[in-house]
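**Q** There's a structure below that I have some questions on.
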Amino acid sequence: LSYLTLEQKIVVVGWMANEVINKTRGFEVEWVIQPKQTGNADALSFGLTKLSNKVDTILVVQADDSAFYRSETLSGFLDFHCSESAIVSLMTVKKIEKTSRFQIIREGNLYRGIIKIPEGESRENSVEFFTGCVCFTRSWLEKRITNIQPSDKGEISIPALFEIARKESEKILVYQLKDSEEWIGINTKEQLAGAQKKWRSREIYY
């Protein structure tokens, strides 16, 4: 995000927060600590507390799988969201990813829902799923984020906001990554090792 021109750059940290902040001082970001990790929408709500009144559009990038986005990909995504006057735009990727259990359903560029893929189902074909990167229109988001119902585990998640917007018949857009290698799933030790290898070789996009 340091390569994008943004009004504000806010980073929400939870686990080992102080260590992360101390090791990354010098970056032009504002830090917010999420004291208890109860979902990515909860993290987003903490980030909103630092937001300047000048900001109308919010770009959310989750850090776990997204270290390899090109700067032009993120700026293109922002332009796409703003030019189409959408309330929500979500970034997706299409690939074979056996640890991802949810598939995006859409018509053209319009989001129509998410379906859960049953455990153990064969995954020989690529599936389109949410990357964790999303744009929101601020005025809509701030009024809805407190309406998310917690899961059975007590977590509140960003995809729940897609369903709120869908039920309100709002415009929700889908933006698919052109290069699926810009997103790397990190859910197993093998995937983590692959991502670390890519990072060390400096195959990073700016």
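The values are calculated or read from the model by the stated rules, or taken from the named source; none is laboratory data. Keep in mind that this is a model prediction, so the values were computed, not measured. Here the Cβ is made from the backbone with ideal geometry for all residues, glycine too, and neighbour counts use every protein chain on show. SASA here: full protein model, heavy atoms, side chains in, ligands and nucleic acids out. Shrake-Rupley method; radii C 1.70, N 1.55, O 1.52, S 1.80 Å.
**Q** Hey, can you grab everything whose amide H is under 5 Å from the amide H of residue 172? Only 5+ residues off in sequence or another chain; H modelled, so Pro and N-termini drop out.
**A** Counting only residues 5 or more places away or on other chains, the set is 111.
**Q** If you don't mind, there's one more thing I want to ask. Figure the gain on full extension for residue 181 and residue 101 (residue separation times 0.36 nm, minus the Cα-Cα span) and round it to one decimal in nm.
**A** Details: separation 80, 0.36 × 80 = 28.80 nm, distance 1.90 nm.
Gain on stretching residue 181 to residue 101: 26.9 nm.
**Q** Once ligands and nucleic acids are excluded and a 1.4 Å probe is used, how much of residue 199 is accessible, expressed in Å² to the nearest 10?
**A** Counting only protein heavy atoms, the figure is 120 Å².
**Q** Compute, for residue 11, the solvent-accessible surface of its heavy atoms (probe 1.4 Å) with the complete set of protein chains present, and express it in square angstrom to the nearest 10.
**A** The accessible area of residue 11 comes to roughly 50 Å².
**Q** Hey, of (1) 133; (2) 117; (3) 142, which did the structure itself give for volume of the Cα convex hull per residue in Å³ when calculated?
**A** (3)
**Q** Give me the net charge of residue 165's neighbourhood, meaning all other residues with Cβ under 10 Å from the Cβ of residue 165; Lys, Arg count +1, Asp, Glu -1. Don't skip to the end; give the middle numbers.
**A** Details: positive: 144, 166, 167, 171; negative: 163, 168, 170.
Local net charge: +1.
**Q** Gain in length, residue 188 to residue 152, computed as 0.36 nm per residue apart minus the alpha-carbon separation, to one decimal in nm? Working shown, then result.
**A** Values: separation 36, 0.36 × 36 = 12.96 nm, distance 2.34 nm.
Here the answer is 10.6 nm.
**Q** Continuing with this model, one more query. Using a 1.4 angstrom probe with every protein chain in place, what is the largest-first accessible-area order of 70, 138, 25?
**A** Numbers: 70 65, 138 30, 25 160 Å².
Putting 70, 138, 25 in descending order of accessible area: 25, 70, 138.
**Q** List the lysines whose Cα lies under 21 Å from the Cα of residue 178, skipping any in the same chain that are fewer than 8 positions away.
**A** 94, 95, 98, 198
**Q** Taking a cut-off of 24 Å between Cα atoms, list the lysines near residue 167, but don't count ones fewer than 8 places away on the same chain.
**A** 116, 143, 153
**Q** Amide H of residue 30: which non-local residues (sequence gap of 5 or more, or other chain) have their own amide H closer than 5 Å, using H built in the peptide plane?
**A** Under 5 Å from the amide H of residue 30 lie the amide H atoms of 9, 10, 11, each far enough along the sequence or on another chain.
**Q** Between residue 116 and residue 8, what is the label-point separation in nm under the 7 Å Cα-to-beta-carbon projection?
**A** My value for the distance between the label points is 3.5 nm.
**Q** Could you give the length gained on full extension between residue 51 and residue 28, defined as 0.36 nm per residue of separation minus the Cα-Cα distance, in nm?
**A** Going from the current span to full extension adds 6.8 nm.
**Q** Using the basic label-point model (7 angstrom from Cα toward the beta carbon), what is the residue 200 to residue 109 distance in nanometres?
**A** Calculated label separation equals 4.1 nm.
**Q** Please report the antiparallel percentage of DSSP beta bridges with both residues in the chain, rounded to the nearest 5. It would help to have the intermediate numbers written out before the result.
**A** Details: 18 of 28 bridges.
Here the antiparallel bridges make up roughly 65 percent for the chain.
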